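The values are calculated or read from the model by the stated rules, or taken from the named source; none is laboratory data. What you see is a predicted model, and the numbers here were worked out from it, not measured in a lab. Glycine also receives a Cβ, built like all others from the backbone with ideal geometry; neighbour counts cover every protein chain displayed. Remember, those area values only see protein heavy atoms, side chains included, never the ligands or the DNA or RNA. Shrake-Rupley method; radii C 1.70, N 1.55, O 1.52, S 1.80 Å.
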Amino acid sequence: MLQMKTHYPDAHRVEPVNRHTLAVVVDNEPGVLARIAGLFSGRGYNIESLTVTETEHEAHISRITIVTTGTDSIIQQIKSQLERLVPVHRVVDLTLTGEAVERELCLVKVVGKGDHRVEAMRLASAFGARTLDATLTSFVYELTGTTDEVERFIKLMMAVGLVEVSRTGVAAMARGAEGIM
Amino acid sequence: MSETMTGAEMVIRALQDQGVEHVFGYPGGAVLPIYDALFHQDKVRHVLVRHEQGAVHAAEGYARASGKPGVVLVTSGPGATNAITGLADAMMDSIPLVCITGQVPTHLIGSDAFQECDTVGITRHCTKHNYLVKSIEDLPRILHEAFYVAQNGRPGPVVVDLPKDIQFKAGSYVRPLSNQHKTYRPTVKGDMDHIRAAIELMANAKRPVFYTGGGVINSGPHASALLRELVQLTGFPITSTLMGLGAYPASDRQWLGMLGMHGTYEANLAMHECDVMINIGARFDDRITGRLDAFSPFSKRIHVDIDPSSINKTVKVDIPIVGDCAHVLEDMVRLWRQGAKQADKVDLQEWWSKIEGWRARNCLAFKNSKETIKPQYAIQRLYELTKDRSPYITTEVGQHQMWAAQYFKFEDPNHWMTSGGHGTMGYGLPAAVGAQLAHPNSLVIDIAGEASIQMMLQEMSTALQYNLPVKVFILNNEYMGMVRQWQELLHGGRYSQSYSESLPDFVKLAEAYGAVGIRCDDPSDLDARIMEMISVNRPVIFDCIVDKTENCFPMIPSGKAHNEMLLNDYLGETGADIGSVIDEKGKMLV
Ligand SMILES: Cc1cc2nc3c(=O)[nH]c(=O)nc-3n(C[C@H](O)[C@H](O)[C@H](O)COP(=O)(O)OP(=O)(O)OC[C@H]3O[C@@H](n4cnc5c(N)ncnc54)[C@H](O)[C@@H]3O)c2cc1C
Ligand SMILES: Cc1ncc(C[n+]2csc(CCOP(=O)(O)OP(=O)(O)O)c2C)c(N)n1
Ligand SMILES: [Mg+2]
């Protein structure tokens with residue numbers, strides 16, 4: 001009973017795991033997000049980040065950006081599985097179509113006095129964060145950047161009194177003249 | 001050309017417009033308006049089942065036997081949840097169904113109203129697609145879309161959840177002119193470059209094998225005809241999955257029998273040793289592949305499948321062809337003929353003589369008895385005595401199902417209905433009811449186990465009500481035989497809860513339902529009793545008392561490769577210990 005093994009792939013081939021950003025264009029019908037999220041949880045895929053909003057109001061089209069990790073074959077499965085959902089128009093793997101631009105927005109609240117407060121202000125300006133709110137003891141900053149930048153910012157802010165973080169997750173788009181629609 | 005009518009009337013009208021002849025259902029508060037609309041017409045015939053799971057299995061049997069989508073109508077709450085097992089079954093086996101469920105009125109959704117459940121939430125993972133209808137304007141489109149989605153691409157069950165207030169609302173009904181769906185457009189035509197590459201690979205094969213599956217049946221009788229043509233043109237051997245039986249005639253010399261866990265020696269060894277595998281409409285299920293790292297180690301693989309997610313899911317293939325079997329087979333036949341292709345005759349001859357060597361092991365041989373009926377013998381006799389009538393066979397799940405697959409020979413598609421992917425005990429009887437409705441004058445037999453049959457037995461009453469002369473042929477071994485077999489393999493023969501205790505008297509039970517009961521425990525009497533069964537034009541329960549200890553062979557134990565198969569004679573005369581063949585690792589894999 002010690003060797004817990006399953007019947008399914010990973011047993012015989014260890015493939016490297018990669019991070020992929022997928023743009024999924026869907027009909028904005030009720031339940032579509034549940035279908036996508038349920039596909040990931042039901043089949044055991046990872047979601048690092050998922051963002052969704054209507055992008056074409058008239059046509060009821062939404063764009064979902066999903067950052068996921070997996071081996072090449074899992075990523076291929078994820079795309080095939082997404083594509084066979086009825087309300088899905090298109091799935092584009094932005095990681096494969098070339099360097100996509102990826103941004104996320106985060107809001108950060110820091111609380112502190114004295115040196116901490118001064119240091120928080122310095123860091124914020126070094127990162128180009130915007131100050132959205134300030135009191136005598138607190139700031140709310142907004143930073144837009146890559147996931148890496150956002151994470152570095154948050155990590156540094158921890159040392160100077162970070163109390164709350166809110167992040168949007170990744171929005172992404174391929175570079176160049178071509179649109180995916 | 002729009003007409004004003006209520007939502008309930010639209011449901012019936014859409015069914016009529018779709019050419020639906022039978023609806024399998026069970027009434028309740030949330031679908032009463034639809035039942036009322038049914039009452040006012042006679043084009044769509046309602047078949048009243050005795051349990052909603054039975055309705056779905058009956059619709060599955062009907063769909064598989066007729067090639068048309070099956071239609072189900074059930075109420076909200078318990079009606080919908082009772083249907084779940086059937087929907088999951090249809091999902092796994094790619095059966096086209098449209099299931100209409102009643103729902104509480106829209107203003108009560110989410111309030112824990114009487115018989116409310118989140119039907120679209122619950123069925124999301126066991127349907128191909130589902131809809132909650134929120135306005136009468138959407139209803140005509142959704143109803144027709146449901147039929148489109150159920151049948152096109154990889155078939156599957158579609159649920160339309162219809163709140164009661166919308167059934168009462170009036171709106172305008174139009175039948176959509178175009179079948180085109182705005183997002184769902186599966187590829188049916190295969191990529192010609194890939195098909196050409198496949199033909200090249202096949203023409204250069206030394207040890208080829210066709211491995212075909214349920215996709216060929218899904219694709220329709222034309223696909224089976226083309227498959228036969230291609231197999232005969234190439235001269236290659238062919239094996240099929242459990243779901244693919246009947247696509248190629250079992251009587252033909254090129255047919256190797258079923259493959260997989262309980263497949264034949266020759267089919268599995270051909271898969272193991274082949275250099276080119278041509279998968280047409282099969283999905284590399286784990287009952288087929290066994291140990292993935294030892295699966296068909298020498299082959300280049302071609303895979304034809306309409307669902308891109310089936311390709312490279314568990315087994316990597318060299319030439320993927322996304323498309324419908326019939327379309328792709330047509331191209332393959334044409335290209336093979338055009339190029340006057342032919343694999344090397346000497347190589348092929350050598351391959352066949354190897355296969356004939358495996359075939360000579362006669363892996364389905366069993367030791368017959370004069371005292372007790374061997375289950376294999378019972379199926380053999382059933383086959384011999386009914387084959388002239390080209391019967392429709394359904395099964396329950398267990399050893400009897402495997403023996404049916406091994407010893408009954410199928411010549412044509414759509415004659416074999418079994419629960420493969422979900423393995424649902426209780427499938428067979430309602431599926432037989434559905435198949436019989438599709439083919440009222442044909443012989444329909446449910447090959448059953450005494451445990452499975454008790455799961456959907458109430459459908460006998462449905463068979464009686466509609467004068468459906470289905471035959472339930474129970475291989476009664478007084479055990480959940482398949483469970484017992486695994487307990488021998490894995491758990492030292494400790495038969496924990498696998499004995500069929502307190503069995504009913506099936507003959508009396510048949511009579512209680514108003515059917516005919518027949519019992520047989522004597523091999524010499526078996527033929528006469530089977531003849532008696534098929535000669536009555538009424539439902540029959542046949543209690544065939546068989547050897548209680550027989551196990552199902554050949555068998556590839558979990559965690560083993562295709563060339564590590566257990567054969568019947570492995571046990572020797574005395575039926576020695578089979579508990580030692582699966583190691584600790586294999587036990588995890590069952
Ligand atoms: C107790 C038990 C034991 C079993 N033992 C065995 C065994 O020994 N051997 C065995 O074979 N099975 C066995 N099974 C069944 C097994 O679990 C699977 O259900 C079966 O092997 C799957 O068959 P398939 O690959 O043909 O796929 P299906 O489930 O029939 O899937 C069909 C495939 O074809 C594709 N397809 C559908 N329509 C089309 C189309 N029009 N054109 C192209 N492609 C299409 C689908 O996308 C899918 O990939 C057993 C089941 C039970 C319950
Ligand atoms: C609904 C359901 N529950 C449990 C199982 C697990 N199971 C598979 S075969 C089997 C025993 C079937 O016994 P029987 O119908 O007598 O058939 P036999 O194997 O004896 O031929 C069981 C319990 C199942 N497949 N389906
Ligand atoms: Mg039994």
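Listed here are the residues, each with its yes/no results for (1) within 12 Å of chain B (Cβ to nearest Cβ); (2) not β-branched (Val, Ile, Thr).
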position: A:Arg43; (1), (2): yes, yes
position: A:Ser49; (1), (2): no, yes
position: A:Glu56; (1), (2): no, yes
position: A:Ile75; (1), (2): yes, no
position: A:Leu85; (1), (2): yes, yes
position: A:Ala120; (1), (2): no, yes
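Picking from B:Pro105, B:Pro157, which residue would you name as being away from every other protein chain (no Cβ under 14 Å) and in contact with a strand residue (DSSP E or B) (Cβ under 9 Å, 6 or more places away or on another chain)?
On inspection, the qualifying residue turns out to be B:Pro105.
Sub-8 Å Cβ pairs linking a first residue in the range B:382-408 that is more than 14 Å from chain A (Cβ to nearest Cβ) to a second residue that is more than 16 Å from ligand 1 (Cβ to nearest atom) and hydroxyl-bearing (Ser, Thr, Tyr), at least 6 apart or interchain, are B:Arg389/B:Ser442; B:Ser390/B:Ser442; B:Pro391/B:Ser442; B:Tyr392/B:Ser442; B:Tyr407/B:Tyr383; B:Phe408/B:Tyr383, ordered by first then second residue.
Considering B:His57, B:His125, which residue is out of contact with any strand residue (DSSP E or B) (no Cβ under 8 Å at 6 or more places or on another chain) and surrounded by fewer than 23 Cβ atoms within 10 Å (Cβ to Cβ)? Don't jump to the end; show me each part of the working.
Numbers: B:His57 fails: surrounded by fewer than 23 Cβ atoms within 10 Å (Cβ to Cβ).
After ruling out the rest, the residue left standing is B:His125.
Here the condition is being within 16 Å of ligand 3 (Cβ to nearest atom) and in contact with a strand residue (DSSP E or B) (Cβ under 8 Å, 6 or more places away or on another chain); of B:His194, B:His262, it holds for B:His262 alone.
Of the residues examined, B:Val433 is one that is hydrophobic (A, V, I, L, M, F, W, C) and open to solvent by less than 10 Å² (accessible area, probe 1.4 Å).
Looking at the range B:410-519, the helices (runs of 4 or more DSSP H) lying wholly inside it that each contain 2 or more residues that are touching a residue at least 60 places away in the same chain (Cβ under 8 Å) sit at B:428-438, B:459-465, B:481-490.
Residues being open to solvent by less than 20 Å² (accessible area, probe 1.4 Å), part of a helix (DSSP H, G or I) and either within 24 Å of B:Gly54 (Cβ to Cβ) or within 14 Å of chain A (Cβ to nearest Cβ) (or both) are entirely absent from the range B:555-571.
Which ones in the range B:463-481 are in contact with a helix residue (DSSP H, G or I) (Cβ under 9 Å, 6 or more places away or on another chain) and either within 14 Å of ligand 1 (Cβ to nearest atom) or under 13 Å from B:Ala451 (Cβ atoms) (or both)?
Step one: of the range B:463-481, the residues in contact with a helix residue (DSSP H, G or I) (Cβ under 9 Å, 6 or more places away or on another chain) are B:463-464, B:466, B:468-477, B:479-481.
Residues satisfying the conditions are B:Ile474, B:Leu475, B:Asn476, B:Asn477, B:Tyr479, B:Met480, B:Gly481.
Identification of strands (runs of 3 or more DSSP E) wholly contained in the range A:52-128 with 3 or more residues that are under 30 Å from B:Lys128 (Cα atoms) and β-branched (Val, Ile, Thr) yields A:61-70, A:88-93.
Residues that are within 16 Å of ligand 3 (Cβ to nearest atom), more than 17 Å from B:Thr386 (Cα to Cα) and either crowded, with 19+ Cβ neighbours inside 10 Å or within 14 Å of chain A (Cβ to nearest Cβ) (or both) do not occur anywhere in the range B:527-541.
The selection criterion, being closer than 21 Å to B:Val120 by Cα and either away from chain B (no Cβ under 13 Å) or surrounded by 14 or more Cβ atoms within 10 Å (Cβ to Cβ) (or both), holds for A:Ile36. Looking only at the range B:382-397, residues that are buried (at least 20 other Cβ atoms within 10 Å of the Cβ) and over 14 Å from the mean Cα position of the chain (by Cα) come to 3 in all. Reported count of residues in the range B:226-254, each being open to solvent by 20 Å² or more (accessible area, probe 1.4 Å), hydrophobic (A, V, I, L, M, F, W, C) and more than 20 Å from the chain's Cα centre (by Cα), is 1.
For the range B:144-169, a tally of residues being hydrophobic (A, V, I, L, M, F, W, C) and over 30 Å from B:Arg283 (Cα atoms) returns 3. Only one of the listed residues (B:Arg538, B:Arg494) is among the basic types (Lys, Arg) and either within 27 Å of the chain's Cα centre (by Cα) or not assigned by TED's automatic domain parsing to the domain that holds B:Leu385 (or both). That residue is B:Arg538. If I filter the range B:482-494 down to residues being closer than 16 Å to B:Trp403 by Cβ and open to solvent by less than 10 Å² (accessible area, probe 1.4 Å), which single residue comes out as nearest to ligand 1 (Cβ to nearest atom)? Taking the candidates together, the pick is B:Gln485. Is there a residue in the range B:202-213 that is in contact with a Leu (Cβ under 6 Å, 6 or more places away or on another chain) and either surrounded by 21 or more Cβ atoms within 10 Å (Cβ to Cβ) or modelled with pLDDT of 95 or more (or both)? No, because not a single residue in the range B:202-213 is in contact with a Leu (Cβ under 6 Å, 6 or more places away or on another chain) and either surrounded by 21 or more Cβ atoms within 10 Å (Cβ to Cβ) or modelled with pLDDT of 95 or more (or both). Can you say whether B:Lys134 is crowded, with 24+ Cβ neighbours inside 10 Å, charged (D, E, K, R) and within 12 Å of another protein chain (Cβ to nearest Cβ), as far as the supplied structure shows? In short, no.
Among the candidates B:Pro320, B:Pro297, the residue that is under 24 Å from A:Glu83 (Cβ atoms) and open to solvent by 10 Å² or more (accessible area, probe 1.4 Å) is uniquely B:Pro320.
In the list B:Ser353, B:Ser369, which residue meets the criterion of being more than 14 Å from chain A (Cβ to nearest Cβ), more than 16 Å from ligand 2 (Cβ to nearest atom), hydroxyl-bearing (Ser, Thr, Tyr) and not in a helix (DSSP H, G or I)?
Numbers: B:Ser353 fails: not in a helix (DSSP H, G or I).
That would be B:Ser369, the only listed residue that is more than 14 Å from chain A (Cβ to nearest Cβ), more than 16 Å from ligand 2 (Cβ to nearest atom), hydroxyl-bearing (Ser, Thr, Tyr) and not in a helix (DSSP H, G or I).
Among the residues of the range B:286-331, those that are touching a residue at least 40 places away in the same chain (Cβ under 8 Å), within 11 Å of another protein chain (Cβ to nearest Cβ) and outside any helix (DSSP H, G or I) comprise B:Gly290, B:Arg291, B:Phe295, B:Asp305, B:Ile306, B:Asp307, B:Pro320, B:Val322.
Residues in the range B:263-284: is at least one more than 7 Å from ligand 1 (Cβ to nearest atom), more than 24 Å from B:Asn568 (Cβ to Cβ), in contact with a Cys (Cβ under 9 Å, 6 or more places away or on another chain) and touching a residue at least 12 places away in the same chain (Cβ under 8 Å)? Among the residues of the range B:263-284, at least one is more than 7 Å from ligand 1 (Cβ to nearest atom), more than 24 Å from B:Asn568 (Cβ to Cβ), in contact with a Cys (Cβ under 9 Å, 6 or more places away or on another chain) and touching a residue at least 12 places away in the same chain (Cβ under 8 Å), which makes the answer yes.
Scanning the range B:393-409 for residues that are aliphatic (A, V, I, L, M) and not in a helix (DSSP H, G or I) yields B:Ile393, B:Val397. Within the set A:Val86, A:Val110, A:Val91, the sole residue that is free of Cβ contacts under 8 Å to residues at least 24 places away in the same chain and β-branched (Val, Ile, Thr) turns out to be A:Val86.
Among the residues making up the range A:59-108, those that are of a type in the set (Asp, Glu) and open to solvent by 60 Å² or more (accessible area, probe 1.4 Å) are A:Asp72, A:Glu83, A:Glu99. Within the range B:383-392, one or more residues are within 28 Å of B:Glu450 (Cβ to Cβ), in contact with a strand residue (DSSP E or B) (Cβ under 7 Å, 6 or more places away or on another chain) and outside any helix (DSSP H, G or I).
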